[in-house]
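The values are calculated or read from the model by the stated rules, or taken from the named source; none is laboratory data. Only a predicted model underlies this, so the values are computations on that prediction, with no experimental measurement involved. Ideal geometry is used to build each Cβ from the backbone, glycine not excepted, and the neighbour counts take in all protein chains shown.
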Amino acid sequence: MDKILLILKREYLTRVKKKSFLIMTILGPLLMASAVVIRVWLSMVPEETKKVVVVDETQVFTQKFRNTENIRFYYTKENLEETRKSFYTEDFDILLYVPNNILQAQTVQVFYKKQPGYGILEYLRNSVSTQLEEKKLIASGIDISKIQASKTTVNLVTSKIEESGRIEKKNTEVLIAVGFIGGALIYVFIFLYGAQVMRGVIEEKTNRIVEVIISSVKPFQLMMGKILGIALVGLTQFLLWIVLTAGITNAVLSVYMSKKYDTSMVAKTFSKQEISGTTQNQLQNQLQMPDTYNEIQSTISSIQFGTLIGCFLFYFLGGYLLYSALFAAVGSAVDSEADTQQFMLPLSMPLLLAFFVAQAVITNPDGAVAFWFSIIPFTSPVVMMVRIPFGVPVYQVALSMALLVLGFIATTWLAGRIYRTGILMYGKKITYRELWKWLFYKS
Amino acid sequence: MELFSAKNIVKRYQSHTALDKVSISVNDHTIFGLLGPNGAGKTSLIRIINQITAPDEGELFFKGQRLSPEHVSQIGYLPEERGLYKKMEVGEQCLYLARLKGLSRQEAAKRLKYWFEKFEIQSWWKKKIEELSKGMQQKVQFVVTVLHEPQLIILDEPFSGFDPINANLIKNEILELKQKGCTIILSTHNMGSVEELCDEIALINRSKKILEGNVATIKKQYHSNTFDITFEGNMIAFTNSFGATAELIDHKKDGDLIAARITLAKGQKLNNVLHLLLPAVQLHSVKEILPSMNDIFIMKVNETGETVISNTNALTE
C-alpha cells in the first residue's frame, strides 16, 4: 500500500508539474468560457440590415412585405432592366423580382451583390408564399381575419408529480442540458485520461525502467499506482476547469452586461408589470419572459446538486477505473503507440456506443434502452449521467453503481494479468490469442 | 555460508523451455558469475531471482528462507536493458527508486549524497536524465542499484556502455562492495572480467547448466599440461633432452634466452621432464599455461551443440 502511494504521488506530481498541464488548465476554461461569451455576444450584436428592392410587375405585393430588424423592403416602379442597371449605384443589397406570371410559374428571382444567408432567403420565400396564399384565399372568398384569429400557439408546462403528491414544475431543456453535459464530460475524460495511462505504460516499457521498478514492487501495484495517480490528475484538472470557467464567464459577462443594460431597470420593469394593469395581450407577452426564466430557475434549484455532483464523481471515477485498467493492459501489450490500434477498437466501441445511446436517451429517459445501457458497466457512466437529472429510481442507480464497481474490479483483475506479462515482452506482435493465454500464466 | 540458492528451476514459455532444472548456489561474500551465450536462459533466471517472474517448478532460498517479496529490499538489480524516466530529474528519480526499495526519504538523501560525491556527479542532481550521456546514465543507474545496501546484488552486463576508465571504476566498486560483505551475481560475456572478479561461476547453455564451480578449480580441471619454459642454451639440446616425454609447440629466441612452449605427453609429470632438461640447458623459468575462461566457455558451449539458439521466445535472451 505504501508503495502504491509512492507511485501514485510520482505519477501525480510529474504530470501536474508539466507545462502542458498548466497550459491545458488555463486554455480549457478559456475555450469553454469564450464559447459561452461568444454565443451571448452573437445574440446581442444586431445583424446588418439588408435592403431589398422589390420589382413587382403584378403590383400585388407592393407595400405588403413586413420589414424586420434585418430586412427592409423598398418598392420601385421601374422595371427589372432599369433596376438591375442601377443596382450597383444604389444602396441596395438584394433585388427581388416578382414576374407577372407568378401565379402560374410560382417563381420569383433574387439578385444580390453578396450571397445572402440562409435565414434571409427563407424569409423572402416565406413572405412571398404567405402573400400568395392570402391572395388565393381572398380570391376563393375566405375571410382572412377569421383564419388569423383562429391561429393558436400552445405552451407546454411540464411538471412532475412526486409520490408525496407535491407538484414540481420542471424545464426539460435544462434537465437535458445538465445530464448531457455530465455524460459528455465523463466520455471525454475517460478517453483523455485513459489514453494518458496507456501512454505512461508504453513509456515505462520502452524505457525499460519497468524492469527496475517491478524488481521492487509488484506489477499490479505499479499499474494501480499509475491509474490512481492519473485519476487524481483528472479530478484536479476538472475542478480547476470548473472554478476557472465559472470565474471567467461570470467576470466577462457581468462586465459586458452592466455596460449594455442597467440590470436594476430590467428588474423594476418586471416587478411593475405584476401590479400595473396593461392590456391583456401586452401583459401576457411580457410575462412570458420572466415565466420561463422562473421555470429554469426553479428547475435548476430542484435538481439536487449534491446528488448530481456525487453521482458525477462516482460515475466519472468508476468509468475511468473500468476503462483505464484496460488502457493499461493495451499499453503493456505493445511496443509503441502506433501498435495500439488493433486493441483500441474494442475499447472505444462501447464508449462511442454509450455516447450515441445517451443522445437517444434524452428523448426517452425511462425506456428499455435507457435502462439497460445505464445498468451495463461499460456504458452506464455516460448513459446514467444523462438520466439522473430526470430522476431515476434509487434501486436502478444502486444496481448500476454496484455493477460498475464489480465491473472495474473485474477489468482491473483481467488487465493486471495481461499487464504483468505484457510489460516484459519486447519486439513481438501480440495477437488476441496470446493475450488470452497470458490470463492463465502463473505469476 | 550459502546466501542464495535456486533448486531445479524450470521455466517454460509457449513453445520453448527457457530453464530446464537449473540449480545454482551462491555463497556469502563472493562474486558469482552467471555465464552463457545469448538466449541461454540467463535473463530468465535473473528475472526469477528478482521475483519479476515466477518459475514453473523449483524452489528459491534466500538466507535459508524461501524467497518472498519481503526480500526485495535486500536485493539490488541492474538489468541489462538500462532504463530511467527520461524527463525526471536525476536526484528526484534516485530518491523515488530508493524509496520503492523501502528507504526513508532522509536516509535515501543521505546515502545519495555519499555516492554522488564518490562518483563526483553532484552537479547532475537537478539535470534531467535525457540531458546525460549514456555512460552518465549508467553511473546513475549503478548508484540506484546499490543505494539501499542490498546483501545480494545482481548485475546484468554491468560494463556494457562504459568507457575503459569508467568500466574500471565500476569494477573497483564491485570489489569494494564484496569487501563490505555484499554478495554479487554477475552476468556477463566479458570473460576477462569473469577471471578478474568471479569466485564461482555457473555456465548455462540451451536452458541447462553445463558447468559450475570455483574459477580456479575449473581452470585447473581444464588444464592441458602446457608449459612455457625459458632457458639459456642450445635449442637442439633442449628438444633432444626430453625426447618423447613432451612435444614442442612453439619457440622464440629473444637474445640469449629461448622461450619454448611444450605440452607433456600423456601420463608424464612436469618433474620428470624437468629432470631430463636440467642437465641439457640452463633453466630460467617454468610456467603452466591454463586455459582462459574464454577458451573454456567456447569449448563447453560447442560441446553441447550449436551456440546460437533460434529466438522462439520474445523475451530478450
Exercise for review: Within the stretch B:83-94, track down each residue that is in a helix (DSSP H, G or I), in contact with a helix residue (DSSP H, G or I) (Cβ under 8 Å, 6 or more places away or on another chain) and either away from every other protein chain (no Cβ under 14 Å) or under 28 Å from A:TYR426 (Cβ atoms) (or both).
Suggested key: B:VAL90, B:GLN93, B:CYS94
Review point. Of the residues in the stretch A:344-386, how many are within 22 Å of A:MET223 (Cα to Cα) and without any contact (Cβ under 8 Å) to a residue 24 or more places away in the chain?
Key: 3
Check your understanding: Consider B:ASN302 against the criteria (1) over 30 Å from B:SER5 (Cα atoms); (2) without any contact (Cβ under 8 Å) to a residue 40 or more places away in the chain: it satisfies all of them except one. Which criterion is unmet?
Key -> (1)
Revision key, fill the gap. Among helices (runs of 4 or more DSSP H) entirely inside the stretch A:16-105, those with 3 or more residues being at pLDDT 85 or above and within 30 Å of A:LEU235 (Cα to Cα) are A:19-44
Point to revise | Residues located in the stretch A:191-221, provided they are without any contact (Cβ under 8 Å) to a residue 12 or more places away in the chain, farther than 21 Å from A:THR412 by Cβ and of a type outside the set (A, V, I, L, M) | key: A:ASN207, A:ARG208, A:SER215
Study note, to complete from the structure: When the stretch A:378-399 is checked residue by residue, the ones that are within 18 Å of A:ILE190 (Cα to Cα) and either assigned to a helix (DSSP H, G or I) or touching a Ser or Thr at 6+ places or on another chain (Cβ under 8 Å) (or both) are A:SER380, A:PRO381, A:VAL382, A:VAL383, A:MET384, A:MET385, A:VAL386
Check your understanding: Any residue at all in the stretch B:288-300 that is at pLDDT 85 or above, more than 23 Å from the chain's Cα centre (by Cα) and exposed (fewer than 15 other Cβ atoms within 10 Å of the Cβ)?
Key -> yes
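Residue-wise test of (1) modelled with pLDDT under 85; (2) surrounded by fewer than 21 Cβ atoms within 10 Å (Cβ to Cβ); (3) over 28 Å from the mean Cα position of the chain (by Cα); (4) of a type outside the set (Ser, Thr, Tyr).
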| position | (1), (2), (3), (4) |
| --- | --- |
| A:ALA358 | no, no, no, yes |
| A:TRP372 | no, yes, no, yes |
| A:PRO381 | no, no, no, yes |
| A:MET384 | no, no, no, yes |
| A:ARG387 | no, no, no, yes |
| A:LEU404 | no, no, no, yes |
| A:ALA410 | no, yes, yes, yes |
| A:ALA415 | no, no, yes, yes |
| A:MET425 | yes, yes, yes, yes |
Study note, to complete from the structure: Of the listed residues (B:ASP20, B:ASP28), the one being of a type in the set (D, E, K, R), within 17 Å of the chain's Cα centre (by Cα) and more than 30 Å from A:ARG10 (Cα to Cα) is B:ASP28
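Residue by residue, here is whether (1) outside any loop (DSSP other than H, G, I, E, B); (2) surrounded by 14 or more Cβ atoms within 10 Å (Cβ to Cβ); (3) at pLDDT below 90 holds:
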{"site": "B:ILE229", "(1), (2), (3)": "yes, yes, no"}
{"site": "B:ALA244", "(1), (2), (3)": "yes, no, yes"}
{"site": "B:ILE249", "(1), (2), (3)": "yes, no, yes"}
{"site": "B:LYS253", "(1), (2), (3)": "yes, no, yes"}
{"site": "B:ILE258", "(1), (2), (3)": "yes, yes, no"}
{"site": "B:ILE262", "(1), (2), (3)": "yes, yes, no"}
{"site": "B:ASN271", "(1), (2), (3)": "yes, no, no"}
Exercise for review: Answer yes or no: is there a residue in the stretch A:142-159 that is closer than 22 Å to A:MET344 by Cα and not basic (Lys, Arg).
Suggested key: no
Review point. Restricting the stretch B:274-291 to residues that are in contact (Cβ under 8 Å) with a residue 40 or more places away in the chain and among the aliphatic types (A, V, I, L, M), which is farthest from B:GLU232 (Cα to Cα)?
Key: B:LEU290
Review point. Here are B:CYS198, B:CYS182: which of them is farther than 17 Å from B:VAL22 by Cα and in contact with a Gly (Cβ under 6 Å, 6 or more places away or on another chain)?
Key: B:CYS198
Practice item. Give the stretch B:95-116 a look and list any residue that's modelled with pLDDT of 90 or more and facing another protein chain (nearest Cβ under 9 Å), or say none. Key: B:TYR96, B:LEU97, B:ARG99, B:LEU100
**Study point:** Hits in the stretch B:198-216 (condition: assigned to a helix (DSSP H, G or I) and under 22 Å from B:ALA6 (Cα atoms))
**Key:** B:VAL215
Study note, to complete from the structure: Note: among A:GLU204, A:GLU211, just one is assigned to a helix (DSSP H, G or I), within 14 Å of another protein chain (Cβ to nearest Cβ) and touching an Asp or Glu at 6+ places or on another chain (Cβ under 9 Å), namely A:GLU211
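Every residue, every condition in (1) crowded, with 16+ Cβ neighbours inside 10 Å; (2) among the acidic types (Asp, Glu); (3) assigned to a helix (DSSP H, G or I); (4) modelled with pLDDT of 60 or more, yes or no:
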position	(1), (2), (3), (4)
A:VAL252	yes, no, yes, yes
A:TYR256	no, no, yes, yes
A:GLY277	no, no, no, no
A:THR299	yes, no, yes, yes
A:ILE309	no, no, yes, yes
A:LEU321	yes, no, yes, yes
A:GLN342	no, no, yes, yes
A:LEU345	no, no, yes, yes
Practice item. Hey, could you check the stretch B:63-77 for residues that are surrounded by fewer than 20 Cβ atoms within 10 Å (Cβ to Cβ) and within 10 Å of another protein chain (Cβ to nearest Cβ) and say which is farthest from A:THR421 (Cα to Cα)? Key: B:SER73
Check your understanding: Has the stretch B:49-62 got at least one residue that is on the phi > 0 side of the Ramachandran plot, buried (at least 16 other Cβ atoms within 10 Å of the Cβ) and within 9 Å of chain A (Cβ to nearest Cβ)?
Key -> yes
**Study point:** Some residue of the stretch A:59-71 being under 30 Å from A:SER254 (Cα atoms) and within 14 Å of another protein chain (Cβ to nearest Cβ)
**Key:** no
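Can you tell me which residue among B:GLY41, B:GLY33 is away from every other protein chain (no Cβ under 14 Å), within 18 Å of the chain's Cα centre (by Cα) and at pLDDT 90 or above? Steps first, answer last, please.
Details: B:GLY41 fails: at pLDDT 90 or above.
Checking each option against the conditions leaves just B:GLY33.
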Point to revise | A:TRP413 among the aromatic types (Phe, Trp, Tyr), assigned to a helix (DSSP H, G or I), within 13 Å of chain B (Cβ to nearest Cβ) and within 25 Å of B:ALA54 (Cβ to Cβ) | key: no
Check your understanding: Can you name the number of the only condition in (1) out of contact with any Pro (no Cβ under 9 Å at 6 or more places or on another chain); (2) assigned to a helix (DSSP H, G or I); (3) more than 27 Å from B:LYS219 (Cα to Cα) that B:PHE142 fails?
Key -> (1)
Check your understanding: Does B:ALA202 fit the bill of being more than 14 Å from every other protein chain (Cβ to nearest Cβ), under 29 Å from B:SER123 (Cα atoms), crowded, with 17+ Cβ neighbours inside 10 Å and not basic (Lys, Arg)?
Key -> no
Study note, to complete from the structure: In the set B:GLU120, B:GLU80, the lone residue that is in a loop (DSSP other than H, G, I, E, B), within 12 Å of chain A (Cβ to nearest Cβ) and of a type outside the set (Lys, Arg) is B:GLU80
